[in-house]
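So the structure is just underneath, and the comments pick up after that.
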Amino acid sequence: MKKKIPSGKKGAGLRALKSKAPEVAKRMGYKKGGGLYANIHAKKARIAAGSGEKMRKPGSKGAPTAANFKRAAKTAKKR
């Protein structure tokens with residue numbers, strides 16, 4: 001069943017969705033300040049749990065670039 005978009009001011013439904021973004025991100029396993037590798041790990045865990053998501057192919061729109069990985073390596077904590 002599709003949810004009905006609230007009538008009234010244009011974009012009211014979008015604002016309501018954006019206000020719930022932190023809750024949705026938390027439910028999906030994203031952590032604030034987790035970084036690139038934490039988000040990759042969280043997505044792989046969701047995929048293993050059967051979410052139906054797929055990892056993006058290298059070079060596709062929205063996939064991390066080589067520059068993203070270099071920047072993440074600079075800020076990585078030493079173990």
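The values are calculated or read from the model by the stated rules, or taken from the named source; none is laboratory data. All of these numbers come straight from a predicted model, not from anything done at the bench. Note that we place each Cβ from the backbone using ideal geometry, even for glycine, and neighbour counts take in every protein chain shown.
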Residue pairs qualifying under the 7 Å Cβ cut-off, at least six apart or on distinct chains, with the first in the range 62-74 being among the small types (Gly, Ala, Ser) and the second being loosely packed, with under 11 Cβ neighbours inside 10 Å, are Ala63/Lys57
From the option list Lys2, Lys32, Lys61, single residue qualifying as charged (D, E, K, R), modelled with pLDDT of 90 or more and out of contact with any strand residue (DSSP E or B) (no Cβ under 9 Å at 6 or more places or on another chain) is Lys61
